[in-house]
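Chemist: Please find one structure pasted underneath; my questions will follow.
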Protein chains: 4
Amino acid sequence: MNSVADRGWSLAAQDIVRAGARMDQRGWVPATAGNLSRRLEDGRIAITRSGCHKGFLAQDDVIEIDPEGRPRVAGDRASAETLLHTQLYAHDPAIGAVLHGHSVAATVLSMILAEPAIRLAGYELLKVFEGQATHETSIRVPVFDNDQDIARLATVVAPSLGTMPAGYLIRGHGVYVWGRDMDMALARLEGLEFLLACELERQKR
Amino acid sequence: MNSVADRGWSLAAQDIVRAGARMDQRGWVPATAGNLSRRLEDGRIAITRSGCHKGFLAQDDVIEIDPEGRPRVAGDRASAETLLHTQLYAHDPAIGAVLHGHSVAATVLSMILAEPAIRLAGYELLKVFEGQATHETSIRVPVFDNDQDIARLATVVAPSLGTMPAGYLIRGHGVYVWGRDMDMALARLEGLEFLLACELERQKR
Amino acid sequence: MNSVADRGWSLAAQDIVRAGARMDQRGWVPATAGNLSRRLEDGRIAITRSGCHKGFLAQDDVIEIDPEGRPRVAGDRASAETLLHTQLYAHDPAIGAVLHGHSVAATVLSMILAEPAIRLAGYELLKVFEGQATHETSIRVPVFDNDQDIARLATVVAPSLGTMPAGYLIRGHGVYVWGRDMDMALARLEGLEFLLACELERQKR
Amino acid sequence: MNSVADRGWSLAAQDIVRAGARMDQRGWVPATAGNLSRRLEDGRIAITRSGCHKGFLAQDDVIEIDPEGRPRVAGDRASAETLLHTQLYAHDPAIGAVLHGHSVAATVLSMILAEPAIRLAGYELLKVFEGQATHETSIRVPVFDNDQDIARLATVVAPSLGTMPAGYLIRGHGVYVWGRDMDMALARLEGLEFLLACELERQKR
């Protein structure tokens, strides 16, 4: 069966198209930056094709990859960062959507702060992240150094899997967030980007 | 009579859906943040359901609560902060709409300023607030410390009721504004957010 | 003849509705701030009704005033600042549109700078203003102190009429710009707001 | 054959109209600023007419010029900066689109930095520019002093042709970027503007 002919696939692709438009509206997918994926209930993984603008996706810009990140259809080319998506899906079967975007706040904060993590504390919006019930807490958001060797970058990320309720940043690059479905992943992305924007403002005083 | 079947209810729900979209456009309801309510002329209170994105509300995301903040329909779950809405309605029978949003300016200002209030002075836009006829005045906007115990937070807010023409802030959390109808509440929200944005800019020099 | 029944009036009102939506998109008419007017070829003046949101105008929110700023229709209420519009129309018969908005940049800059004017120099965009053919120039934008007595404010503005190619600011309040038609007035508004945004950024270093 | 009657021309004009709307959405073509062009496969060059708002273009606002920048139709008036477009087309036959916009970030950065170039380093988004395969690089973006004599400005730009993978800036004025087609030029514009916004933020600490 052609993977794009069924309804489950179509809904997953629509999720990705809609999320891309939303991220573009906020300025988080400039140029051809960013990549978005969804895992269907049957285990198939849908991800954005390499090189297209994520704010103006068509369903045909969504391709299927296997759990190792290889395109199912010969000739399809997935994003260079596909392994960071499949790493998350392999780690946690509850994850149904992964989003990666580039915002000015994430890019600048990760470059001006030398620390290996950004600590977010005291914000009501922390409650959007998994397992948080109060603002009287702090969340550690790791910042990993950027690496064009994505397999190697994945091994650096690996030890932190399961301990990143708000996702993570790649220095000078952007954020990775996820959720059980696209709405959850988008809500976490909006929450994290809001808090990074707050942190960047607080750096200016 | 089913509360959602009548025209008064439908108009109130439309007010909430429209205001949520407007707040989202301005970036004031990231993730699932914010809550919006309307009191109908017959006294019923319509408020946003807990957990949904306020920028993409459907009429079904608007539920009815009683004056004590309890959902009228079993199984409905109102926002955790419902008591801050009903407190305002109980205080002043002229209030017909209450809005709560999270902006970067309100969040950051309330965290970088240690004072129990922000004083806004000299702005023409102060005239949008109740009882103000000139810019040659100053308005005190209380900043209450955040508290996950909303009943307790409400008792902290209570002594200030009737003395907050521009609404109030919760530290690291957001703003509460209100008005006789949704247009008035939205105008005050826009006025307050504009002035907070101005204040934040002035902190940067 | 009813002033709203003819085509000339209708086009003028449409100009105002469209310009209000544009200004709202840019965040320059928060709450019920701002006012917009057009002078028709036959001399009639159309201006926004007092108290409505300028981003969501209907044609019925546009009323006719006489050259002294009095509403033609009993019961209509024009903006408190109508005299600043009629002053411009009386000064220069070539003016066909006047716009007043409130931006964060104009508000903050006019409050943090104590000088009676802002000087804009070296920007290519200066060429959008009347009589400017090069960036190698500087334009003086007067900043008048705010005053709730608009007639008195108008007498303060009067001596500068004819010497303000980029419009003027009222401190803590906003900008006034004009042009031979609405497109020209909007272009100058966009040009001035862009340059004020640049100046505000330059204050932050 | 009338140049506007054929399909190739129509598609080129649509590219320009769409790119103008996009640039306006981002705030990069205030007032009547900016100009946009496309070279068709048959060598004809389509460019925006002088003086119109680039965010609200109609196909009639796109005119044909010859390789020396002269309008093909008597009475048409091309942008004053047409020569900077034709210079790029003459330099590299692979260029199919040129975009010039004015952003706050480009304007301010080019005015506050005295250097003859801005160096962008360490950003993942550098990969959007020609010939870049890693973030571990730096790109030099020349900043040329503004000049109302465009022929003279072109001679200043000329020696850098072929060495500007991310385009160039004109001081106090804006950016020039290009690509083999409109999508590529837009992606590079978004990439460059994103990085300039990052650089401006980093100046504020």
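Just so it is clear, none of the values below were taken in a lab; they were calculated from the coordinates. For clarity, every value in this text was computed on a predicted model and none was experimentally measured. Backbone-built Cβ (ideal geometry, glycine too); neighbour counts: all protein chains shown.
Chemist: Give me a comma-separated list of calculated 3J(HN,Hα) values for the stretch A:160-171, in order, Karplus coefficients 6.51, -1.76, 1.60 applied at θ = phi - 60°, integers in Hz, x for any Gly or Pro.
Modeler: 8, 4, x, 10, 10, x, 10, x, 9, 10, 10, 4
Chemist: Which entries in the list B:LYS204/C:LYS127; A:LYS54/D:LYS54; B:LYS127/C:LYS54; A:LYS204/D:LYS127; C:LYS127/D:LYS54 go over 26 Å, if you measure between the two C-alpha atoms of each?
Modeler: On the way: B:LYS204/C:LYS127 30 Å; A:LYS54/D:LYS54 24 Å; B:LYS127/C:LYS54 16 Å; A:LYS204/D:LYS127 28 Å; C:LYS127/D:LYS54 16 Å.
Flagged as over cut-off: B:LYS204/C:LYS127; A:LYS204/D:LYS127.
Chemist: I've got another one for you. Starting with the highest mean, order C:195-202, D:81-88 by the number of other Cβ atoms within 10 Å, averaged over the residues of each peptide. Walk me through the numbers before you get to the answer.
Modeler: Values: C:195-202: 20.9, D:81-88: 22.5.
Ranking, from highest mean packing down: D:81-88, C:195-202.
Chemist: Considering the rotational relationship between chains D and C, which residue of chain D contributes the beta-carbon of minimal distance to the axis, and what is that distance to the nearest Å?
Modeler: D:LYS204, 4
Chemist: Work out the mean other chain Cβ neighbour count within 10 Å for the residues of C:189-201 and drop it here as an integer. Kindly include the intermediate steps, with their values, before the conclusion.
Modeler: On the way: counts 2, 9, 5, 2, 3, 10, 4, 0, 5, 9, 1, 5, 11.
Mean shielding by partner chains, rounded to a whole number: 5.
Chemist: Could you give the dipole magnitude of chain D about its Cα centre, charging the beta-carbon of Lys and Arg +1 and that of Asp and Glu -1, in debye to the nearest 20?
Modeler: Numbers: 22 positive and 26 negative charges, 70 e Å.
Approximately 340 debye in magnitude.
Chemist: When only Cα pairs under 8 Å and 6 or more residues apart are kept, what is the percent relative contact order across chain B? If you can, show how the numbers build up before the last one.
Modeler: On the way: 373 pairs, mean separation 39.9, N = 205.
That works out to 19 percent.
Chemist: Using the Cβ atoms and a cut-off under 11 Å, what net charge is assigned to the surroundings of A:VAL177, where Lys and Arg are +1 and Asp and Glu are -1? Show your work: numbers first, answer last.
Modeler: Numbers: positive: A:ARG188; negative: A:GLU130, A:GLU190, A:GLU193.
The answer is -2.
Chemist: Around C:ARG26, under 10 Å between beta carbons, what's the net of Lys plus Arg minus Asp minus Glu among the other residues? Don't skip to the end; give the middle numbers.
Modeler: Working: positive: C:ARG22; negative: C:ASP24, C:GLU190, C:GLU193.
For residues surrounding C:ARG26, the net value is -2.
Chemist: Helix-derived [θ] at 222 nm for chain C: sum -39500 (n - 2.57) over DSSP H runs of at least 4, divide by residue count, nearest 500?
Modeler: -10500 deg cm²/dmol
Chemist: Can you give me the angle between helix D:82-91 and the longest principal axis of chain D, using Cα atoms only, in degrees from 0 to 90, rounded to the nearest 10?
Modeler: It is inclined by approximately 80 degrees.
Chemist: Residue by residue through C:104-114, how many Cβ atoms from other chains fall within 10 Å of the Cβ on average?
Modeler: Taking the mean over all residues of the peptide, I get 4.
Chemist: Can you give the mean number of other chain Cβ atoms that lie within 10 Å of the Cβ atoms in peptide C:162-174? Could you put the intermediate results ahead of the total?
Modeler: Values: counts 0, 0, 0, 0, 0, 0, 0, 0, 2, 4, 9, 5, 2.
For peptide C:162-174, the averaged partner shielding equals 2.
Chemist: Cut-off is 10 Å between beta-carbons; in what order do D:LYS127, B:LYS54, B:LYS204 appear when sorted fewest neighbours first? Before the final figure, lay out the partial values.
Modeler: Numbers: D:LYS127 18, B:LYS54 28, B:LYS204 15.
The order, fewest Cβ neighbours first, is B:LYS204, D:LYS127, B:LYS54.
Chemist: Let me ask something else about it. May I ask for the distance between the Cα centers of the stretch C:15-37 and the stretch A:132-146, given as a whole number of Å?
Modeler: 40 Å
Chemist: Looking at the square roots a ≥ b ≥ c of the eigenvalues of the Cα gyration tensor of the protein assembly as shown, which shape do they give, rounded for a/c under 1.5, prolate if a/b is larger than b/c, or oblate?
Modeler: Values: a/c = 1.58, a/b = 1.00, b/c = 1.58.
Judged from the Cα gyration tensor, the protein assembly as shown comes out oblate (a/c at least 1.5, b/c at or above a/b).
Chemist: Just name one of B:GLY167, B:ILE45, B:ILE16: the one whose Cα is farthest towards the positive end of the charge dipole of chain B (beta-carbon charges, Lys/Arg +1, Asp/Glu -1).
Modeler: B:GLY167
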